[in-house]
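*Asks:* Following this message is one structure expressed as structure tokens.
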Amino acid sequence: VFNAKTAELLSHHQVEIQQKFPKEGWVEQDPKEILKSVHECVERTCEKLQQLNIDITNIKAIGVSNQRETTVVWDKTTGEPLYNAIVWLDLRTQSTVERLLKRIPGKNKAFFKFRTGLPLSTYFSAVKLRWLLDNVEEIKQAVDDGRAMFGTIDSWLIWSLTGGKNGGVHCTDVTNASRTMLFNIHSLEWDPELCQFFDIPMEILPKVRSSSEIYGLMVCFLKSGALTGVPISGCLGDQSAALVGQMCFQDGQAKNTYGTGCFLLCNTGQKSVFSEHGLLTTIAYKLGRDKPVCYALEGSVAIAGAVVRWLRDNLGIVKSSQEVEKLAAEVGTSYGCYFVPAFSGLYAPYWEPSARGIICGLTQFTNKNHIAFAALEAVCFQTREILDAINKDCGIPLNQLQVDGGMTNNKVLMQLQSDILCIPVVKPSMPETTALGAAMAAGAAEGVGIWSLNPGDLTAVTCERFEPQINPEESEFRYARWKKAVMKSMGWETSEAPSNGKPE
């Protein structure tokens, strides 16, 4: 909860959601657990506000920000999900992608790029939805009976919070729609030809709205009942929300969010720029029904914070995420060890699903501290690759990078990032910019009007700056070695590999 005049954070609560990995490369979440976590966060945050003697009837609007691409299909008559949510970095759709590619002239991954801004990849919602329609009997049946609704997590939450099966609003915003691969980013409508190509029935799709307007009113679920009737009036995919929260409203301003993955977005204003270097063209925001749509170039890295989680949960070399920083700080170098965390293939700028994670340059001297350092360095190198691509596509090199997200609390990582980019890295003192962006969109909506988005009215944010501390030659040398390691990670998986000893 933020103060609409000062953007100050008043109260917050967070709950970690469980990821499920039913098979190798599969990543799922339980949509009901996600909804329950939202209920719990709202409940707890309101309790904290009351302890601060803030009247919760002062809450005037609610914004939603979500992981994009994650795909849910539910039954509108029962309100129940028909399968777990398939998470953005899930790889089960690789064979679906290969099958669809055969239907495209010259198997061109970029065939729909000028319409959608995206390459054909396991990443986007359309292929996940196609997989669900092909493989889940309950979903096929529900579509035939006209009971099925599709949405990304924002749609599932807004529908559930505005009444669910009793009149819930089935909508999404332009930023989330632009990540489905079914949406035309110029006409701002679902594209009948794309729906036909993926063979997806248009009646299951949500209505597309701007990122800042009243979608519906909150139906009470709080013990206190206080939020009943409060409008849900902001909706932005998490990366767009962070761009808004970082106030990147000018052409050429960029932010990088360090979460599970890493997402660098550069605002290109009202023109859509198409990348020659493996970046996506995506909708940055449309802050009101009558406001213009703004676009961004985006570089997506699948594995950032997830590499720290992997060191903790899979290798057990640390007990907490904070410990990785400590281990890395003790050595201050990877001692020539390089870690390419291509657990889900490589995203931007390579789009290489056959890549797999590797740790190379090991010697007898290498220990867990060096591996921890190499893991942090990998996040920085991946960001550098995207920044290089953005600089080439936009022609104006960035002179500083604005950063946010959970991993930015790691000072070793932030200093490393500045060293590897050779430009300053600037971090706002309040790292929850994604939530702030959703709050700004909600508060600025027509009919709410309690938050001004005029640059003059926006409060200047206090920041911490990290300046490069190593010489550029050293930085270039390490970056070149990293690129060599990336080449070694590619082409690892082939679709011909037999599974379970049986031929496919």
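The values are calculated or read from the model by the stated rules, or taken from the named source; none is laboratory data. What you see is a predicted model; the values in this text were computed from it and never measured. A quick note on method: Cβ atoms are made from the backbone with ideal geometry, for glycine too, and the neighbour counts reach across all protein chains shown. Heavy atoms of the whole protein, side chains included, go into the accessibility calculation; ligands, DNA and RNA do not. Shrake-Rupley method; radii C 1.70, N 1.55, O 1.52, S 1.80 Å.
*Asks:* Past the 31 Å Cα-Cα mark, which pairs from Lys291/Lys427; Lys48/Lys291; Lys48/Lys427?
*Replies:* From Lys291/Lys427; Lys48/Lys291; Lys48/Lys427, over 31 Å: Lys48/Lys291.
*Asks:* Then there's this: Assuming R0 = 25 Å, can you tell me the calculated FRET efficiency for the pair Ile450 and His13, based on Cβ-Cβ distance, to the nearest 0.05?
*Replies:* Here the calculated transfer efficiency is 0.70.
*Asks:* Classify the stretch 19-230 as rounded, prolate or oblate from the Cα gyration tensor: take a ≥ b ≥ c as the square roots of its eigenvalues, call it rounded if a/c is under 1.5, otherwise prolate when a/b beats b/c and oblate if not.
*Replies:* Judged from the Cα gyration tensor, the stretch 19-230 comes out prolate (a/c at least 1.5, a/b above b/c).
*Asks:* Just report the Cα centroid separation between the stretch 263-315 and the stretch 447-461, whole Å.
*Replies:* For the stretch 263-315 versus the stretch 447-461, the Cα centre distance is 24 Å.
*Asks:* Return one whole number: the accessible area per residue of the stretch 19-230 in Å², for a 1.4 Å probe.
*Replies:* Per residue, the stretch 19-230 has 40 Å² of solvent-accessible surface.
*Asks:* Relative to the Cα centre, what is the charge dipole magnitude of the chain, using +1 at the beta carbon of each Lys and Arg, -1 at the beta carbon of each Asp and Glu, and rounding to the nearest 20 debye?
*Replies:* 360
*Asks:* To continue, here is another question. Which value at 222 nm does the chain reach when only helices count, each DSSP H run of 4 or more adding -39,500 (n - 2.57), with the total divided by all residues and rounded to the nearest 500 deg cm²/dmol?
*Replies:* It comes out at -10000 deg cm²/dmol, rounded to the nearest 500.
*Asks:* Looking at the stretch 19-230 only, what percent of DSSP beta bridges run antiparallel? Nearest 5 please.
*Replies:* In the stretch 19-230, DSSP labels about 80 percent of beta bridges as antiparallel.
*Asks:* Please give the FRET efficiency for Lys113 paired with Cys463, using the beta carbon to beta carbon distance and R0 = 35 Å, rounded to the nearest 0.05.
*Replies:* The value I calculate is 0.50.
*Asks:* Too long at a 26 Å Cα-Cα cut-off: which of Lys113/Lys271; Lys36/Lys60; Lys32/Lys113; Lys5/Lys286; Lys140/Lys286?
*Replies:* Long pairs (Cα-Cα over 26 Å): Lys32/Lys113; Lys140/Lys286.
*Asks:* Using only the Cα atoms of the stretch 144-303, build the gyration tensor, take square roots of its eigenvalues as a ≥ b ≥ c, and label the shape rounded, prolate or oblate: rounded if a/c is under 1.5, else prolate if a/b is larger than b/c, else oblate.
*Replies:* Oblate shape, in that a/c is at least 1.5 and b/c is the bigger or equal ratio.
*Asks:* Suppose each label sits 7 Å from its Cα in the direction of the beta carbon; what would the Phe365-Lys291 distance come out to in nanometres?
*Replies:* Each label point lies 7 Å from its Cα, and together they span 5.4 nm.
*Asks:* I would also like to ask the following. Compute the length gained on full extension between Lys271 and Arg312: take 0.36 nm times their separation in residues and subtract their Cα-Cα distance, giving the result in nm to one decimal.
*Replies:* Between Lys271 and Arg312, full extension yields an extra 10.5 nm.
*Asks:* Here's something else I'd like to know. Determine which aspartates and glutamates satisfy two conditions relative to Lys255: a Cα distance under 18 Å, and not lying fewer than 8 residues away in the same chain.
*Replies:* Within the straight-line limit of under 18 Å, Lys255 reaches these aspartates and glutamates: Asp238, Glu298, Glu385, Asp388, Asp393, Asp404, Asp419, Glu432, Glu464, Glu467.
*Asks:* Using the charge dipole of the stretch 35-138 (Lys, Arg: +1 at Cβ; Asp, Glu: -1 at Cβ; taken about the Cα centre), state which of Leu91, Thr71, Leu132 has its Cα farthest towards the positive end.
*Replies:* Leu91
*Asks:* Let me have the relative contact order for the chain, percent, based on Cα pairs under 8 Å that are six or more residues apart.
*Replies:* Across the chain, relative contact order equals 15 percent.
*Asks:* Roughly how many nanometres apart are two label points built 7 Å out from the Cα toward the Cβ at Ile396 and Lys326?
*Replies:* 4.5
*Asks:* Provide the gained length on full extension for the span Met487 to Asp145, in nm with one decimal, where the gain is 0.36 nm per separating residue minus the Cα-Cα distance.
*Replies:* Here the answer is 118.3 nm.
*Asks:* Which is farthest toward the positive dipole end of the stretch 19-230 among Tyr123, Val169, Ala61, measuring Cα position about the Cα centre, with Cβ charges +1 (Lys, Arg) and -1 (Asp, Glu)?
*Replies:* Tyr123
*Asks:* Taking the Cα centre of the stretch 19-230 as the origin, how large is its charge dipole in debye, to the nearest 20, when only Lys and Arg (+1) and Asp and Glu (-1) carry charge on their Cβ atoms?
*Replies:* 500
*Asks:* Full extension from Lys60 to Met202: what is 0.36 nm times the residue separation minus their Cα-Cα distance, to one decimal in nm?
*Replies:* 47.7 nm
*Asks:* Computing the accessible area with a 1.4 Å probe over protein heavy atoms, can you report the carbon and sulfur percentage for the chain?
*Replies:* 52
*Asks:* Note down the accessible area of Met247, probe 1.4 Å, to the nearest 10 Å².
*Replies:* Using a 1.4 Å probe on the heavy atoms, I get roughly 40 Å².
*Asks:* Using a basic spin-label model with each label point 7 Å from the Cα along Cα→Cβ, how many nm lie between Lys48 and Asn471?
*Replies:* 4.7
*Asks:* Between the stretch 370-386 and the stretch 55-86, what is the C-alpha centre distance in whole Å?
*Replies:* First find each Cα centre; the distance between them is then 33 Å.
*Asks:* With all protein chains present and a 1.4 Å probe, how do Met490, Met202 order by accessible area, largest first?
*Replies:* Met202, Met490
*Asks:* Another one. Share of antiparallel DSSP beta bridges in the chain, in percent to the nearest 5?
*Replies:* Approximately 75 percent, going by the DSSP bridge assignments.
*Asks:* Just how far, in whole angstrom, is the stretch 178-252 from the stretch 348-364 if you go by their alpha carbon centroids?
*Replies:* 34
*Asks:* Could you compute how much accessible surface His186 exposes when probed at 1.4 Å, giving the result in Å² to the nearest 10?
*Replies:* 90
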